[in-house]
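What follows is a set of notes on a single structure, which appears directly below.
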Amino acid sequence: MTRSSSTIDERSARLFVSIVETKSARIAGAVLHDYHAASATPLIGAGLLVPDAPVLVATSLVDHEDEPVNLEWSPEQRAYGYFSPAAGWVTVDSERLQVFRFDANAFLGRVTSRLDLPRSARPAERIPGLLWELGDVRLPGRGARVPIWYARRLTDRETWQQVVNYLGGRPPADFRVVVTTSATRRLAEADLSRHQFIALGDLEIIGAALVIEPTYLAAQLKAGTATHAGDPVRHAAGFRHFWVGEREFKFSGDKQRQIIEYLFNAWEDGDENVSSQVMLAELEFGLKSRIRDIFKGHKDWQDLIEVAGGSCRLRIRELLEADSPNAD
């Protein structure tokens, strides 16, 4: 197993993201040792956290004080430590002095490990420590490659402005995708046209934390402009959630979400009914695919989708009428 494919559980991934989103993207070994030992081990093993210059300051281990103490090297003990009035010389374990930093190359190598990028593509740092260009990726269901970037700390106002200025000054030919470990719900995406910011957490599948799943990325991109809470018909997280009025439908399967998206886009374009055969062919699901089989096990899919006479559609009109105050 390579480092880029090693298993990172959800708890370790959350710890890693929290470190990456700090200003320095560093964490003290003492903190890892005392509070996150189990979660830190796979991150260090995968090369995502690597040793940095040690900090020669520690909190007293014997005097019960919160004030930090400066450490000195003891030739006799061959270790760093400090003199305590209560206990004399106190040696501090080297692991408590170590500082770990996030390794961008290892992380971005893992993030893109499942993506179809050109062989020559390498992460290129565009704003030091904040923004990287990853390359043009080929995705399922899309003819042209899509430029993909990574950014961190976008919820920091100064960082966001730097990223907006940089990307805005170099507009994409079509559009550009920026994957981020930041919370996207707080981003003012209107500051940049032809850009889509997607949270890394929305692109991972169970068992593959910190790795972009291409089908999830493709589903997010085809979603188009984000919907808003006040819209009568709206969606979120790559069509994992779909609302018609007050009614919410949840879809976990990739094919299910692609069908919902296809029908939603057709509905927005004014095409209420679409050919089931044409839709399945355009989605590249195979000649023997059937809508009923794809949604098998989803208890209320037929409340949302009507399949009849070789065509299918979203039952948006009926659901909105049922929500109407004048409905019987």
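Couplings for the range 139-144, taken from phi via the Karplus curve 6.51 cos²θ - 1.76 cosθ + 1.60 with θ = phi - 60°, read 10, x, x, 10, x, 8 Hz in order; Gly and Pro are left as x. Computed 3J(HN,Hα) for the range 243-259, one whole-Hz value per residue from the Karplus formula 6.51 cos²θ - 1.76 cosθ + 1.60 where θ = phi - 60°, is 10, 10, x, 8, 8, 10, 10, 10, 10, 9, x, 4, 5, 4, 5, 5, 5, glycine and proline marked x. Near the amide H of Ile305, within less than 5 Å, lie the amide hydrogens of Arg315, all on another chain or at least 5 residues away, with H placed in the peptide plane.
Each of Gly135, Gly201, Val90 was placed along the dipole of the chain (beta-carbon charges, centred on the mean Cα), and the one lying farthest toward the positive end is Gly135. Overall, the chain carries a charge dipole of about 1080 debye about its Cα centre when +1 sits on the Cβ of Lys and Arg and -1 on the Cβ of Asp and Glu, all other atoms neutral. May I ask what percent, to the nearest 5, of DSSP beta bridges between residues of the chain are antiparallel? Roughly 80 percent of the beta bridges in the chain run antiparallel, per DSSP. Note on Lys288: lysines with a C-alpha under 30 Å away, same-chain residues under 8 apart excluded, are Lys222, Lys250, Lys255, Lys296, Lys299. Annotation: per residue accessible area for the chain equals 55 Å², rounded to a whole number [probe 1.4 Å, protein chains only].
When nucleic acids and ligands are ignored and a 1.4 Å probe is applied, Thr181 ends up with an accessible area of around 20 Å².
The values are calculated or read from the model by the stated rules, or taken from the named source; none is laboratory data. Just so you know, these numbers come straight off a predicted model, no measurement behind them. Heads up, the Cβs are rebuilt from the backbone with ideal geometry, glycines too, and the neighbour counts pull from every protein chain shown. Note: accessible area is taken over every heavy atom of the protein model, side chains too, but ligands, DNA and RNA are not part of it. Shrake-Rupley method; radii C 1.70, N 1.55, O 1.52, S 1.80 Å.
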